[in-house]
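Asker: Can you keep this structure in mind? I'll have questions shortly.
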There are 2 protein chains.
Amino acid sequence: MPVTIRDVARAAGVSITTVSRALNGHKDVGEKTRQRILRIAEELNYRPSAVARSLVTQKTRTIGFLVSDLSKGRIWHYFMLQILYGIQDRLAELGYDLILVNTTTTRQREISYLDFCTERRLDGVIVINLRLDDPYLHEVVESPLPSVVIDIPLVSATCGYVTSDNVYGAKLAVRHLIGKGHRTIGFVNGHSQAAVSHDRLRGYREALESHGIPFRPELVYEADYTVEGGRKGCELLRTAHPEMTAVFFASDLMAIGGLHHLREAGVKVPEECAVVGFDDIELAEIVSPQLTTIRQKRYEMGATAAEMLVGMMEGKTMPEGRTLLPELVVRQTS
Amino acid sequence: MPVTIRDVARAAGVSITTVSRALNGHKDVGEKTRQRILRIAEELNYRPSAVARSLVTQKTRTIGFLVSDLSKGRIWHYFMLQILYGIQDRLAELGYDLILVNTTTTRQREISYLDFCTERRLDGVIVINLRLDDPYLHEVVESPLPSVVIDIPLVSATCGYVTSDNVYGAKLAVRHLIGKGHRTIGFVNGHSQAAVSHDRLRGYREALESHGIPFRPELVYEADYTVEGGRKGCELLRTAHPEMTAVFFASDLMAIGGLHHLREAGVKVPEECAVVGFDDIELAEIVSPQLTTIRQKRYEMGATAAEMLVGMMEGKTMPEGRTLLPELVVRQTS
DNA sequence: CTTGCATTCCAAAACGTTTTCAGGTACATT
DNA sequence: AATGTACCTGAAAACGTTTTGGAATGCAAG
């Protein structure tokens with residue numbers, strides 16, 4: 001029942017070819033006919049079918065946003081949301097649409113993400129939060145489907161990545177703390193199945209060593225990027241090392257967990273223990289005391305990913321890795 | 001280059017009709033041929049094209065999630081995210097996919113959301129955060145495209161809605177405060193272009209009056225659902241009415257803004273001024289002191305919306321309004 | 001031997017576009 | 001008058017499915 005190109009053609013007394021050309025702005029159609037066709041299409045409220053167009057052009061102008069662990073209680077997505085905005089904004093500018101794919105639920109459908117993408121004939125895919133040990137990670141990276149992964153440094157013939165310079169970010173944090181006079185600095189890291197964890201650890205270590213402070217593995221706790229994990233990590237480190245005067249957390253959420261512990265323990269922040277987070281999610285500014293943290297340019301990461309992907313899809317750019325510089329945001333916890 | 005049904009048919013030595021029937025589980029195909037076809041399809045790694053299928057079935061099995069004001073600095077989406085999960089989860093179960101539509105950017109494309117939906121031939125749409133004065137609101141509601149709006153009580157032949165019982169929720173909050181002995185209770189409301197604002201105001205008023213406390217309009221401040229708006233509202237109400245011992249906020253974000261003001265002003269919470277929010281976003285539990293609030297079942301709202309929509313689309317249910325009961329969550333600010 | 005009925009398969013149409021190739025007209029150049 | 005050259009238009013193929021309406025086969029019943 002929706003009006004088709006055929007209806008427009010009939011009403012205008014021309015062939016569908018001419019209608020198609022008039023609407024798509026080809027130049028080989030007379031000015032008067034073009035005007036007439038446009039007017040009639042308008043009158044009939046004609047909207048070309050994207051699915052018919054996709055079938056013939058073999059492009060859907062749709063890209064998938066593959067996010068794993070999208071589920072009820074999780075709040076790590078506070079981090080992801082700005083990235084999503086960046087993707088969606090840039091994609092809209094470029095004339096592409098976004099379809100949301102939850103890897104957890106596609107798995108329920110007993111179909112790999114890749115199969116899902118081919119069924120829907122997606123033009124490309126942006127992947128976030130995939131663990132390094134995800135069984136399908138390499139399937140995605142190696143597949144002919146253009147893709148961009150976020151925060152996993154992998155490049156292939158069809159896959160690029162976007163990430164922050166996590167080594168540098170961690171260095172910023174630690175240097176800042178050292179500058180404030182701290183010498184015993186703990187580190188609550190995220191789980192090791194995220195590439196960023198390794199980089200942040202390295203940055204932590206190198207910053208210490210470059211200031212002549214020996215790296216002590218016992219000052220590092222591996223948590224899991226959750227509030228509760230951060231709380232626990234902070235508690236364990238503090239009881240084991242009461243002399244510790246500052247803690248660097250690999251995420252804001254964990255830092256907030258750490259603050260919870262410190263408050264309960266009656267430790268003054270930042271006087272008795274300074275805290276620095278990572279990410280600069282909106283919470284960092286809302287929580288009190290406001291959190292000193294390393295700002296990741298999340299919106300830009302998303303926009304960059306979108307841009308890279310479209311560039312690859314349209315054959316204009318080669319897959320590459322892009323690394324954005326984070327920056328230190330000093331607030332009240334340091 | 002992807003393998004088509006034709007390739008499978010050729011390899012199996014049957015017609016494409018038979019392949020189609022075999023794959024879709026129709027019964028008029030011999031058992032041996034069915035097995036052979038399935039095996040060959042598997043071997044060739046055949047994935048049926050959703051777009052070709054959509055063209056002929058006239059269904060895309062895709063629904064749109066229309067969200068307005070999805071942009072860089074906004075954080076109201078902390079509220080929306082759980083709803084999104086609910087939608088996406090239920091939709092995945094039902095075999096539908098979700099496409100994200102930002103009304104702000106479609107407007108840039110100079111095309112109404114509705115036109116966008118018809119171009120993509122979406123099967124239905126879920127709308128959130130549309131202001132009552134949105135120019136396209138009624139276009140969406142009245143259009144033949146099945147739709148479900150969230151938090152706007154509108155029903156038409158093709159449009160249902162899901163919302164919380166906001167009157168009841170506000171009553172819960174105010175009753176709770178009255179039970180704690182408060183008699184002068186301020187109310188920081190959101191803007192009036194949200195239907196929920198009116199209901200929450202009504203609940204506030206009725207709860208007061210049913211306890212013999214007169215409603216005083218000067219104790220109500222109309223903010224805008226932002227942290228800063230809540231801060232300002234709280235400040236204004238307190239300076240104008242120092243005798244006020246409790247404030248009810250129409251959202252957690254505003255309540256958190258209020259807490260900021262109270263902390264700066266050195267007001268003890270909840271001893272000198274109690275605070276109750278609305279929504280129960282994750283922040284409410286993370287912030288300190290932890291926020292007493294009215295919990296909206298956001299995930300369920302999303303799941304319900306998805307379910308209703310699919311029911312309507314498949315002609316199994318009539319459009320209706322569904323109202324979920326919120327509940328009081330007492331924490332530290334009251 | 002016909003008729004009827006399952007069972008299993010297929011040819012062809014349809015969905016709504018884009019694009020290729022060629023046809024037609026009008027006009028200027030030989 | 002024939003040829004060339006723009007310019008505009010259209011018929012038809014193609015994209016990859018589903019579905020309709022038979023057709024062929026085999027077999028039981030008349």
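The values are calculated or read from the model by the stated rules, or taken from the named source; none is laboratory data. Predicted model only: the values in this text are computed from it and were never measured. Positions of Cβ are backbone-derived with ideal geometry, glycine not excepted, and every protein chain shown enters the neighbour counts.
Asker: Considering B:Val188, B:Val148, which residue is at pLDDT 95 or above, aliphatic (A, V, I, L, M) and over 30 Å from B:Met318 (Cβ atoms)?
Answerer: Matching residue, one of B:Val188, B:Val148: B:Val188.
Asker: Okay, moving on. Residues in the range B:43-56 that are more than 8 Å from DNA strand C (Cβ to nearest atom) and either part of a helix (DSSP H, G or I) or over 22 Å from A:Leu114 (Cβ atoms) (or both): how many?
Answerer: Final tally of qualifying residues: 6.
Asker: Would you confirm whether or not the range B:63-76 contains a residue that is surrounded by 15 or more Cβ atoms within 10 Å (Cβ to Cβ), assigned to a helix (DSSP H, G or I) and away from DNA strand C (no atom under 16 Å from the Cβ)?
Answerer: Scanning the range B:63-76 turns up no residue that is surrounded by 15 or more Cβ atoms within 10 Å (Cβ to Cβ), assigned to a helix (DSSP H, G or I) and away from DNA strand C (no atom under 16 Å from the Cβ).
Asker: Criterion first (away from chain B (no Cβ under 14 Å), near DNA strand D (Cβ under 10 Å from one of its atoms), free of Cβ contacts under 8 Å to residues at least 24 places away in the same chain and under 41 Å from the mean Cα position of the chain (by Cα)) does A:Ser20 satisfy it?
Answerer: Taking the combined requirement at face value, the residue satisfies it.
Asker: Please find, within the range A:261-276, the residue that is nearest to A:Glu327 (Cα to Cα) out of those that are among the aliphatic types (A, V, I, L, M) and assigned to a loop (DSSP other than H, G, I, E, B).
Answerer: Looking at residues that are among the aliphatic types (A, V, I, L, M) and assigned to a loop (DSSP other than H, G, I, E, B), I get A:Val269.
Asker: A further question on this structure: Those residues that are in contact with a Pro (Cβ under 9 Å, 6 or more places away or on another chain) and within 22 Å of B:Ile87 (Cα to Cα), I need them from the range B:111-139; list them, please.
Answerer: Kept after step one, since they are in contact with a Pro (Cβ under 9 Å, 6 or more places away or on another chain), are these residues of the range B:111-139: B:112, B:118-119, B:121, B:123-125.
The answer is B:Thr118, B:Arg121, B:Asp123, B:Gly124, B:Val125.
Asker: What are the residues in the range A:301-330 that are farther than 12 Å from A:Ala173 by Cβ, touching a helix residue (DSSP H, G or I) at 6+ places or on another chain (Cβ under 9 Å) and buried (at least 18 other Cβ atoms within 10 Å of the Cβ), if any?
Answerer: Correct list: A:Met301, A:Gly302, A:Ala303, A:Thr304, A:Ala305, A:Ala306, A:Glu307, A:Leu309, A:Val310, A:Pro319.
Asker: Got at least one residue in the range B:127-136 being touching a residue at least 60 places away in the same chain (Cβ under 8 Å) and of a type in the set (Asp, Glu)? Working first, answer last.
Answerer: Kept after step one, since they are touching a residue at least 60 places away in the same chain (Cβ under 8 Å), are these residues of the range B:127-136: B:127-134.
Filter once more, keeping what is of a type in the set (Asp, Glu): B:133-134.
Yes; the residues of the range B:127-136 include at least one that is touching a residue at least 60 places away in the same chain (Cβ under 8 Å) and of a type in the set (Asp, Glu).
Asker: Right, next: Looking only at the range B:78-136, which residues are among the acidic types (Asp, Glu), farther than 13 Å from B:Gly302 by Cα and either in contact with a Leu (Cβ under 9 Å, 6 or more places away or on another chain) or crowded, with 21+ Cβ neighbours inside 10 Å (or both)?
Answerer: B:Asp97, B:Asp123 - these are the residues of the range B:78-136 that are among the acidic types (Asp, Glu), farther than 13 Å from B:Gly302 by Cα and either in contact with a Leu (Cβ under 9 Å, 6 or more places away or on another chain) or crowded, with 21+ Cβ neighbours inside 10 Å (or both).
Asker: Can you name the number of the only condition in (1) at pLDDT 95 or above; (2) not assigned by TED's automatic domain parsing to the domain that holds A:Met254 that A:Arg205 fails?
Answerer: Answer for A:Arg205: the failing condition is (2).
Asker: Please work out if B:Ile40 is away from DNA strand D (no atom under 12 Å from the Cβ) and either closer than 18 Å to A:Glu119 by Cα or within 12 Å of chain A (Cβ to nearest Cβ) (or both).
Answerer: yes
Asker: Among all residue pairs at least 6 apart or on different chains, which show Cβ distances below 9 Å where the first residue, located in the range A:261-273, is free of Cβ contacts under 8 Å to residues at least 24 places away in the same chain and over 16 Å from A:Gly230 (Cα atoms) and the second is surrounded by 12 or more Cβ atoms within 10 Å (Cβ to Cβ) and of a type in the set (A, V, I, L, M)?
Answerer: Close Cβ pairs (under 9 Å, with a partner that is surrounded by 12 or more Cβ atoms within 10 Å (Cβ to Cβ) and of a type in the set (A, V, I, L, M)) amount to A:Lys268/A:Leu262.
Asker: Additional query: Looking only at the range A:23-37, count how many residues are of a type in the set (A, V, I, L, M) and more than 14 Å from chain B (Cβ to nearest Cβ).
Answerer: 2
Asker: Follow-up question, since we're still on this one. Being outside any strand (DSSP E or B), β-branched (Val, Ile, Thr) and farther than 27 Å from A:Arg61 by Cα is the requirement here; does B:Ile83 meet it?
Answerer: Answer is no for this residue.
Asker: With the requirement that a residue be assigned to a helix (DSSP H, G or I) and more than 10 Å from DNA strand D (Cβ to nearest atom), what does the range B:23-37 give you?
Answerer: The answer is B:Glu31, B:Lys32, B:Thr33, B:Arg34, B:Gln35, B:Arg36, B:Ile37.
Asker: How about the range B:1-17: which of its residues are within 11 Å of DNA strand D (Cβ to nearest atom) and either touching a residue at least 24 places away in the same chain (Cβ under 8 Å) or hydroxyl-bearing (Ser, Thr, Tyr) (or both)?
Answerer: Initially, the range B:1-17 is screened for residues within 11 Å of DNA strand D (Cβ to nearest atom), giving B:1-9, B:15-17.
Passing the criteria: B:Pro2, B:Val3, B:Thr4, B:Ile5, B:Asp7, B:Val8, B:Ser15, B:Thr17.
Asker: Let me ask you something else. Kindly indicate whether any position in the range A:213-223 is buried (at least 24 other Cβ atoms within 10 Å of the Cβ) and outside the structural domain of A:Leu132 (by TED's automatic domain parsing).
Answerer: Yes: the range A:213-223 contains one or more residues that are buried (at least 24 other Cβ atoms within 10 Å of the Cβ) and outside the structural domain of A:Leu132 (by TED's automatic domain parsing).
Asker: Quick check: is even one residue across the range A:189-202 among the hydrophobic types (A, V, I, L, M, F, W, C) and surrounded by fewer than 21 Cβ atoms within 10 Å (Cβ to Cβ)?
Answerer: Yes, the conditions are met somewhere in the range A:189-202.
Asker: Scan the range B:282-309 for residues that are more than 12 Å from chain A (Cβ to nearest Cβ) and closer than 20 Å to B:Val196 by Cα and report the count.
Answerer: 8
Asker: So, one more: Could you list, in sequence order, the residues of the range A:14-30 that are within 15 Å of A:Arg53 (Cα to Cα) and more than 7 Å from DNA strand C (Cβ to nearest atom)?
Answerer: Initially, the range A:14-30 is screened for residues within 15 Å of A:Arg53 (Cα to Cα), giving A:16-17, A:19-21, A:23-24.
Residue satisfying the conditions is A:Val19 alone.
Asker: Same structure again: Tell me which of these A:Val19 doesn't satisfy, since it passes every other one: (1) under 18 Å from A:Val127 (Cβ atoms); (2) not in a loop (DSSP other than H, G, I, E, B).
Answerer: (1)
Asker: Quickly run through the range A:277-322 and pick out the residues that are more than 29 Å from A:Gln58 (Cα to Cα) and part of a helix (DSSP H, G or I).
Answerer: Scanning the range A:277-322 gives A:Leu283, A:Ala284, A:Glu285, A:Ile286, A:Arg298, A:Tyr299, A:Glu300.
Asker: Filter the range A:2-13 down to the residues that are in a loop (DSSP other than H, G, I, E, B) and near DNA strand C (Cβ under 8 Å from one of its atoms), then identify the one that is surrounded by the most Cβ atoms within 10 Å (Cβ to Cβ). So that I can check it myself, show each step before the final result.
Answerer: Step one: list which residues in the range A:2-13 are in a loop (DSSP other than H, G, I, E, B), which gives A:2-4, A:13.
Those left that are additionally near DNA strand C (Cβ under 8 Å from one of its atoms): A:2-4.
Working: A:Pro2: 14, A:Val3: 15, A:Thr4: 17.
So, considering only residues that are in a loop (DSSP other than H, G, I, E, B) and near DNA strand C (Cβ under 8 Å from one of its atoms), the one surrounded by the most Cβ atoms within 10 Å (Cβ to Cβ) is A:Thr4.
Asker: If you go through the range B:77-127, how many residues are within 18 Å of the chain's Cα centre (by Cα), of a type in the set (Lys, Arg) and at the interface with chain A (Cβ under 8 Å from one of its Cβ atoms)?
Answerer: Looking only at that region, the number is 0.
Asker: Would you check if there is a residue in the range B:93-100 being away from DNA strand C (no atom under 16 Å from the Cβ), touching a strand residue (DSSP E or B) at 6+ places or on another chain (Cβ under 7 Å), touching a residue at least 24 places away in the same chain (Cβ under 8 Å) and aromatic (Phe, Trp, Tyr)?
Answerer: yes
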